[in-house]
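One structure is given below, encoded as structure tokens.
The values are calculated or read from the model by the stated rules, or taken from the named source; none is laboratory data. Small disclaimer: the values here were computed from a predicted structure and weren't measured. Please note: Cβ atoms are built from the backbone with ideal geometry, for glycine as well, and neighbour counts cover all protein chains shown.
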Amino acid sequence: MATASQTNTPLVEMIDIEKHFGGVRAVNGVSLDLFPGEVVGVLGHNGAGKSCLMRILSGAMIPNEGRIKVGGEDKTIHTPHDARDCGIETIYQSLALADHLDAPANLFLGRELKTRFGNLDEKRMMEEAAKVLHRLNPNFKNLSDPVSSLSGGQRQVIAIARAIYFNVKILIMDEPTAALGPSETAMVGELIRHLSSEGIGILLVSHDMHDVFELCDRIMVMNKGHMVGAHPIDEVSKDDVLSLIIKGGLPDGWTPRNKQLN
Amino acid sequence: MAHIEKAQVGALRFNISAGTFHKFSALLTLVILVVVFSFGNAAFLSVNNGLTILLQTSVIGLLGIGMTMVIITGGIDLSVGSVLALSGTVTGMMVKSGLPVVPAMLLGVLTGAACGLFNGFVITKMRITPFVATLGMMLIARGFALQLTGAAPISRLGDAFGVLGNGALFRIVEQGNNGFPRVVFPGIPYPAILLVVVAVIAAYLLNRRQIGRHIYAVGSNEEAARLAGVEVHRTKLIAYSLSGALAGLSGIVLMSRLITAQPNEGVMYELDAIAAAVIGGASLMGGVGSISGTMIGGFIIGVLRNGLNMGGVSSFIQQIVIGFVVIGAVYIDQIRNRR
Ligand SMILES: Nc1ncnc2c1ncn2[C@@H]1O[C@H](COP(=O)(O)OP(=O)(O)OP(=O)(O)O)[C@@H](O)[C@H]1O
Ligand SMILES: [Mg+2]
């Protein structure tokens with residue numbers, strides 16, 4: 001974990017982002033920033049607009065309004081490809097795997113390794129996939145099975161592996177532990193700590209208060225498309241966060257937790 | 001490393017129980033058909049008849065290869081029969097107007113590719129479903145073929161035009177005692193050679209190149225492919241263009257065999273091509289299919305037609321039989337998948 005003000009340039013800034021679908025305002029003038037080595041929890045109840053905001057940063061969705069800066073420079077992120085060029089990798093809530101392909105094919109989808117003659121380098125993709133998958137889960141077998149035959153947890157591991165294998169600077173994790181058992185969840189926690197210690201910025205969407213307080217340096221709470229609160233984690237209690245999520249505001253008479261009583 | 005080794009052995013076993021199983025059962029069906037027909041008629045199992053089947057299957061095989069790529073992307077191409085006719089007529093008209101045969105044929109293939117590219121545009125940019133888009137092209141291409149020719153066949157296109165469809169490699173002809181030439185070995189028909197070459201290239205593209213990987217990915221989960229940075233539109237454009245180009249190629253082969261450009265040719269051929277792909281294990285849901293499977297499927301249809309013909313079974317009954325074979329093949333596949 002790192003403190004928020006390690007450096008002055010944020011890795012990424014999203015400024016006044018708007019996204020609507022017909023009458024539905026999914027994201028309503030939201031701004032967000034993320035610094036190197038920082039883990040920011042993005043919270044909110046179902047349908048608050050968290051995934052939309054994340055998908056906009058991944059290039060999966062184009063916002064109606066707003067700007068995105070990466071490393072202080074304005075960037076146009078209109079395709080997943082654009083986002084990857086900025087070092088933004090995403091683990092989608094829906095995992096987004098091609099069911100009929102095996103793990104290595106999914107891991108390298110869109111960025112296939114090739115031989116000198118431009119053929120697919122299946123052997124090297126298999127070896128590299130085995131390395132990164134075994135780092136995440138030493139028991140990962142079935143490397144050549146179509147991923148449709150794998151368990152939810154194994155699929156999640158592939159989605160995570162795909163995001164960290166390449167040169168990631170900004171990692172978006174949309175409920176990465178939703179399909180995982182306790183030991184895999186712990187492994188993802190370890191991974192988040194490890195990646196942030198290497199200076200990678202992480203946006204973690206989660207409903208799990210325990211994970212949030214364990215892993216995040218800062219939280220941002222969304223409610224009905226609005227950003228209703230951004231606080232360093234040591235400023236707020238679980239009850240404060242729940243109040244933000246449910247009511248869209250802090251409890252009456254709130255003072256920062258770390259400044260209470262003295 | 002040990003892990004990889006083990007994983008690969010596991011994979012081998014798994015694959016045999018999946019796609020290969022279907023191919024194996026299709027191949028077994030093919031062998032059984034050949035054996036049954038051979039008992040029924042001794043002439044069935046002759047070199048000559050074998051070559052005839054090869055020749056007859058080449059057109060539906062070529063169409064089936066393009067169809068397979070499109071089906072793997074999760075689409076369908078109903079226009080191939082009409083595009084075949086249009087490409088063949090365009091080629092015939094060009095030859096008639098004095099263009100040499102080879103450039104005229106290239107132009108025919110290009111016509112097919114252009115029709116396919118148009119299909120791809122309608123599907124990706126206008127977001128029309130493949131079924132409707134290619135149904136439209138089926139009418140458009142047929143209409144063009146009929147309009148351009150006034151619905152009349154163009155005949156007497158010259159010997160050079162007939163070489164591709166009627167020629168053969170390694171044909172051995174002897175001068176008989178009576179002065180007439182005697183065919184010792186009829187040779188391997190050019191259309192059959194063309195089929196093998198195209199099939200090998202298509203299988204290479206699908207299995208060894210990035211475009212093939214992306215074709216499978218798009219059919220398997222289009223959204224996932226998009227999010228992974230696959231250019232979904234480009235992938236589909238390529239698949240439909242290839243299907244169109246192969247329809248053009250088969251049109252030329254067919255018209256060359258008849259030495260006549262027939263604007264009425266190829267009606268319902270798209271259904272044979274789809275049947276070949278489906279019998280060979282391709283799934284209309286996308287993400288599944290193979291060239292080898294489609295080749296086996298094409299030959300099952302070809303052998304059935306040929307064998308039933310020799311047995312004097314009417315073409316109506318043949319249709320009924322092939323219809324049941326299609327349903328049976330998909331049913332067997334589903335039972336296997338349900339386990
Ligand atoms: N493609 C879309 N078309 C129309 N409406 C959409 C689309 N995507 C999201 N929405 C709407 O936008 C709103 C925000 O959705 P979003 O998926 O961002 O919520 P979320 O905060 O991620 O919720 P959850 O915790 O359930 O994942 C919802 O009302 C949803 O119905
Ligand atoms: Mg969500």
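Worth pointing out:
- For A:Ala83: the one exception among (1) buried (at least 22 other Cβ atoms within 10 Å of the Cβ); (2) away from chain B (no Cβ under 14 Å): (2)
- Filtered by the rule that a residue be in contact with an Asp or Glu (Cβ under 8 Å, 6 or more places away or on another chain) and surrounded by 21 or more Cβ atoms within 10 Å (Cβ to Cβ), the stretch A:197-216 gives A:Gly201, A:Ile202, A:Leu204, A:Val205, A:Ser206.
- Within the stretch A:100-155, the only residue that satisfies the criterion of being farther than 23 Å from B:Gly289 by Cβ, among the aromatic types (Phe, Trp, Tyr) and crowded, with 18+ Cβ neighbours inside 10 Å is A:Phe140.
- A single entry from B:Ala113, B:Ala151, B:Ala224, B:Ala160 fulfils the requirement of being of a type outside the set (Val, Ile, Thr) and within 30 Å of A:Asp102 (Cα to Cα): B:Ala224.
To keep it simple, each residue is scored yes or no on (1) farther than 30 Å from B:Met105 by Cβ; (2) among the charged types (D, E, K, R).
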{"position": "B:Val230", "(1), (2)": "yes, no"}
{"position": "B:Lys236", "(1), (2)": "no, yes"}
{"position": "B:Leu246", "(1), (2)": "no, no"}
{"position": "B:Ile252", "(1), (2)": "no, no"}
{"position": "B:Ile259", "(1), (2)": "no, no"}
{"position": "B:Leu271", "(1), (2)": "no, no"}
{"position": "B:Gly280", "(1), (2)": "no, no"}
{"position": "B:Leu284", "(1), (2)": "yes, no"}
{"position": "B:Ile327", "(1), (2)": "yes, no"}
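- Failed item, numbered, when A:Leu204 is tested on (1) more than 19 Å from the chain's Cα centre (by Cα); (2) assigned to a strand (DSSP E or B): (1)
- Among (1) under 16 Å from the mean Cα position of the chain (by Cα); (2) outside any helix (DSSP H, G or I), the one test that A:Ala230 misses: (1)
- If you go through the stretch B:63-105 and keep only what is of a type in the set (S, T, N, Q) and at pLDDT 95 or above, you end up with B:Thr68, B:Thr73, B:Ser79, B:Ser82, B:Ser87, B:Thr89, B:Thr91.
- Single match in B:Thr149, B:Thr134, B:Thr124 (criterion: touching a His at 6+ places or on another chain (Cβ under 6 Å) and either farther than 30 Å from B:Ile238 by Cα or touching a residue at least 24 places away in the same chain (Cβ under 8 Å) (or both)): B:Thr124
- From the options A:Val42, A:Val70, A:Val27, residue that is more than 21 Å from A:Leu95 (Cβ to Cβ), β-branched (Val, Ile, Thr) and within 13 Å of ligand 2 (Cβ to nearest atom): A:Val27
- Only a single item in (1) away from ligand 1 (no atom under 16 Å from the Cβ); (2) within 14 Å of chain B (Cβ to nearest Cβ); (3) not aliphatic (A, V, I, L, M) is not met by A:Asp174, and it is number (1).
- Selection count where residues are assigned to a strand (DSSP E or B), surrounded by fewer than 21 Cβ atoms within 10 Å (Cβ to Cβ) and within 15 Å of ligand 1 (Cβ to nearest atom), scope the stretch A:9-25: 5
- Residue selected from the stretch A:95-135 under the condition among the small types (Gly, Ala, Ser) and more than 8 Å from chain B (Cβ to nearest Cβ), by the criterion farthest from B:Ala228 (Cα to Cα): A:Ala129
- Between A:Ile91, A:Ile68, A:Ile77, the distinction of being within 16 Å of ligand 1 (Cβ to nearest atom) and more than 7 Å from every other protein chain (Cβ to nearest Cβ) belongs to A:Ile91 only.
- Helices (runs of 4 or more DSSP H) fully within the stretch B:16-116 counting 1 or more residues that are in contact with a helix residue (DSSP H, G or I) (Cβ under 6 Å, 6 or more places away or on another chain), within 19 Å of B:Ala329 (Cα to Cα) and in contact (Cβ under 8 Å) with a residue 60 or more places away in the chain: B:19-40, B:47-72
- Some residue of the stretch A:164-174 being of a type outside the set (A, V, I, L, M), under 21 Å from A:Val40 (Cβ atoms), outside any helix (DSSP H, G or I) and within 16 Å of ligand 2 (Cβ to nearest atom): yes
- When residues of the stretch A:37-62 are limited to those that are assigned to a loop (DSSP other than H, G, I, E, B) and within 14 Å of chain B (Cβ to nearest Cβ), the one farthest from ligand 1 (Cβ to nearest atom): A:Gly59
- Residue within the stretch A:149-163 that is touching a helix residue (DSSP H, G or I) at 6+ places or on another chain (Cβ under 6 Å), without any contact (Cβ under 8 Å) to a residue 24 or more places away in the chain and facing chain B (nearest Cβ under 9 Å) present: no
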